[in-house]
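Data first, discussion second: the structure below is written as structure tokens.
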Amino acid sequence: MGRVVHFEIHVDNMERAQKFYGEVFGWTFQDWTEYAGMPYYGAVTGDDQEMGINGALVKRQGPPPAPGQPMNGFACTMGVADYDATEAKILEQGGIVALPKYALPGMAWQGYYIDTEGNVIGIHQPDENAK
């Protein structure tokens, strides 16, 4: 079975992206540039004992996605404990709303945002009372 084991977020400004993901989600980063041969920072997204995967920020090799362009790739969705507080952090750090918060009835709150690098990301707060 081909389970996802790593992700890469393509960025224009490595410092700005590290600040965004560090402030919003608490991620930490490790410089793996020497191994990759280009600007590449490993992203530690949580405790190894929790479900989830780690990934990386990689220097974008072409133009960023155009505003309004349909998805062309994967959208990473992060599980959060408090949707509204996380949304506030995203907006505070320069992200913008792509698709506002909506209910997955009886399951969760979901929404999508554009990060500081033009990438679409999602946030997901489990809530059996969502409607």
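No lab work stands behind these numbers, since they all come straight from the coordinates. Predicted, not measured: the structure shown is a model, and the values here were computed from it. All Cβ positions, glycine included, derive from the backbone under ideal geometry; neighbour counts span all protein chains shown.
Within the shell of other residues whose beta carbon sits under 13 angstrom from the beta carbon of LEU91, the net charge comes to -3, with Lys and Arg scored +1 and Asp and Glu -1. Projecting the Cα atoms of ILE9, ALA36, GLN61 onto the charge dipole of the range 1-63, computed from C-beta unit charges around the Cα centre, puts GLN61 farthest toward the positive end. Tell me, Kirkwood radius of the chain from alpha-carbon pair distances, in Å? So the Kirkwood estimate lands at 15.6 Å. Here the chain is treated with +1 on each Lys and Arg Cβ and -1 on each Asp and Glu Cβ, and its dipole about the Cα centre works out to around 420 debye.
Our estimate of slack between GLN49 and ASN13, defined as 0.36 nm per intervening residue step minus the Cα-Cα distance, is 9.9 nm. The loop-placed GluC sites (Glu not before Pro) in the range 1-79, going by DSSP, that have at most 10 neighbouring Cβ atoms within 10 Å of their Cβ come out as GLU50. Note on the chain: GNM, Cα springs under 10 Å; of GLN30, GLN93, GLN69, the largest mean-square fluctuation is that of GLN69.
Measure nothing fancy, just the Cα-based angle from helix 83-92's long axis to the longest principal axis of the chain, in degrees from 0 to 90, nearest 10. For helix 83-92, the angle is close to 40 degrees.
Taking amide H atoms as placed 1.01 Å from N in the peptide plane, the amide H of LEU104 lies under 5 Å from those of TRP109, GLN110, each 5 or more residues away in sequence or on another chain.
For GluC sites (Glu not before Pro), the sites in the range 77-131 that DSSP calls loop and that have at most 10 other Cβ atoms within 10 Å are GLU128. For LYS101, the aspartates and glutamates whose Cα falls under 17 Å of its own Cα, not counting residues fewer than eight places away in the same chain, are ASP82, ASP84, GLU87, GLU92, ASP115, ASP127, GLU128.
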